[in-house]
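Participant: Questions regarding the structure given below will be posed in turn.
The values are calculated or read from the model by the stated rules, or taken from the named source; none is laboratory data. These numbers come from a predicted model, not from an experiment. Virtual Cβ from ideal backbone geometry, glycine too; neighbours counted across all protein chains shown.
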Amino acid sequence: MDILLKRRVLSGHERWLIAEVDARAVPGARADRCLVCQSDQVVRRMWEYPPNWYSLSETALAALCEGTLADVPRRASELGGSRQAPTMDRDVEARL
């Protein structure tokens, strides 16, 4: 997987590495790209995530990774419309 963009976020005692990756070579991929949130305890892969994730605040990114950010657009077309929580695969086996 090629890393396209990445950010590091500190939330309390949890440190997150958040990376948008090229998932075209991932077997069973649901999209060309995905967002991977990795901490010391867990790795999560999101197939639907805010198109502007890189510009979100650290608090919002941490909430996104923790699964507690409910009102985020899933696709660029939803930036002005209805907002839904992202779907994610919990505990992704592969680490960055």
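Participant: Looking at R45, is it of a type in the set (K, R), within 11 Å of C65 (Cα to Cα) and either crowded, with 19+ Cβ neighbours inside 10 Å or modelled with pLDDT under 95 (or both)? Write out each step before concluding.
Facilitator: Details: of a type in the set (K, R): yes; within 11 Å of C65 (Cα to Cα): yes; either crowded, with 19+ Cβ neighbours inside 10 Å or modelled with pLDDT under 95 (or both): yes.
Taking the combined requirement at face value, the residue satisfies it.
Participant: Taking A62 as meeting all but one of (1) over 19 Å from D2 (Cβ atoms); (2) of a type outside the set (D, E); (3) not in a helix (DSSP H, G or I), write down the number of the exception.
Facilitator: Failing condition for A62: (3).
Participant: Moving on to the next point. Across the range 51-70, what is the total count of residues that are within 8 Å of the chain's Cα centre (by Cα) and either surrounded by fewer than 15 Cβ atoms within 10 Å (Cβ to Cβ) or not aliphatic (A, V, I, L, M) (or both)?
Facilitator: Residues in the range 51-70 being within 8 Å of the chain's Cα centre (by Cα) and either surrounded by fewer than 15 Cβ atoms within 10 Å (Cβ to Cβ) or not aliphatic (A, V, I, L, M) (or both): 2 in total.
Participant: So, of the residues in the range 1-31 that are of a type in the set (D, E) and touching a strand residue (DSSP E or B) at 6+ places or on another chain (Cβ under 7 Å), which turns out to be surrounded by the fewest Cβ atoms within 10 Å (Cβ to Cβ)?
Facilitator: Step one: of the range 1-31, the residues of a type in the set (D, E) are 2, 14, 20, 22.
This time we only want the ones that are touching a strand residue (DSSP E or B) at 6+ places or on another chain (Cβ under 7 Å), so: 2, 20, 22.
Values: D2: 11, E20: 19, D22: 14.
Per the stated criteria, the residue is D2.
Participant: While we're on this one: How do the pairs read when you match residues in the range 14-41 that are under 21 Å from A63 (Cβ atoms) with residues anywhere that are buried (at least 19 other Cβ atoms within 10 Å of the Cβ) and polar (S, T, N, Q), using Cβ under 8 Å and keeping only pairs 6 or more apart or on different chains?
Facilitator: These pairs meet every condition: W16/Q38; L17/Q38; I18/Q38; A19/Q38.
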